[in-house]
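Enquirer: One structure, pasted below without further comment.
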Amino acid sequence: MGGLVVVSQAAPSRLHLELDPPSTNRVSDDGTVDLQWLGGTGPFELQQATSEDFGDAKTRYRGSDTETVITGLREGSYHFRVREITADGKPTNWSEPLMMEVHYLSRGQLFLLLGTGAFVTTLTLGAIVHGFLRHR
């Protein structure tokens with residue numbers, strides 16, 4: 001005989017993880033991500049992963065603050081999530097994940113900018129020396 005099976009689904013997290021300041025631009029060009037979360041009283045646990053399933057997750061923050069800055073990220077995709085730890089020590093459900101991309105300037109762009117800067121600096125110094133020699 002079959003029985004009634006009740007499957008309880010976990011309630012969604014009341015925490016909301018977002019960029020600080022809030023933005024739809026999910027790309028960092030300097031390896032820095034400013035995060036904030038809203039909706040809880042803490043303490044909190046923030047995880048970072050490179051895979052969507054958080055199989056390689058590592059805890060980046062534990063504490064009562066509602067925002068943090070993560071620096072030193074290499075190029076690639078990163079996923080973040082946060083949860084609250086209740087007074088009895090039990091964690092709540094994870095927030096919806098936030099995905100970020102880190103992309104640095106290409107070497108071609110970097111050398112173009114450095115070359116342009118060197119050219120402008122050389123012209124400026126040349127103009128200064130030329131003006132000095134002409135009016136002494």
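The values are calculated or read from the model by the stated rules, or taken from the named source; none is laboratory data. Since the model is a prediction, treat every value here as computed from it, not as a measurement. As a convention, Cβ positions derive from the backbone with ideal geometry for all residues, glycine included, and neighbour counts pool all protein chains shown.
Enquirer: Modelled with pLDDT under 90, more than 21 Å from the chain's Cα centre (by Cα) and of a type in the set (A, V, I, L, M, F, W, C) - does that describe any residue in region 87-97?
Expert: Yes, that holds for at least one residue.
Enquirer: Ok, one more. What are the residues in region 84-117 that are surrounded by 11 or more Cβ atoms within 10 Å (Cβ to Cβ) and more than 28 Å from Gly42 (Cα to Cα), if any?
Expert: Scanning region 84-117 gives Val102, His103, Tyr104, Leu105, Leu110, Phe111, Leu112, Leu113.
Enquirer: Take Val69 and decide whether it is modelled with pLDDT under 90 and surrounded by fewer than 16 Cβ atoms within 10 Å (Cβ to Cβ). Write out each step before concluding.
Expert: Details: modelled with pLDDT under 90: no; surrounded by fewer than 16 Cβ atoms within 10 Å (Cβ to Cβ): yes.
No: the conditions fail for Val69.
Enquirer: Right, next: Only residues in region 23-35 that are over 11 Å from Tyr104 (Cα atoms) count as the first member; pair them with residues that are of a type in the set (D, E, K, R) and in a strand (DSSP E or B), Cβ under 8 angstrom, at least 6 apart or cross-chain, and list the lot.
Expert: Arg26/Glu101; Asp34/Glu67; Leu35/Glu18; Leu35/Glu67
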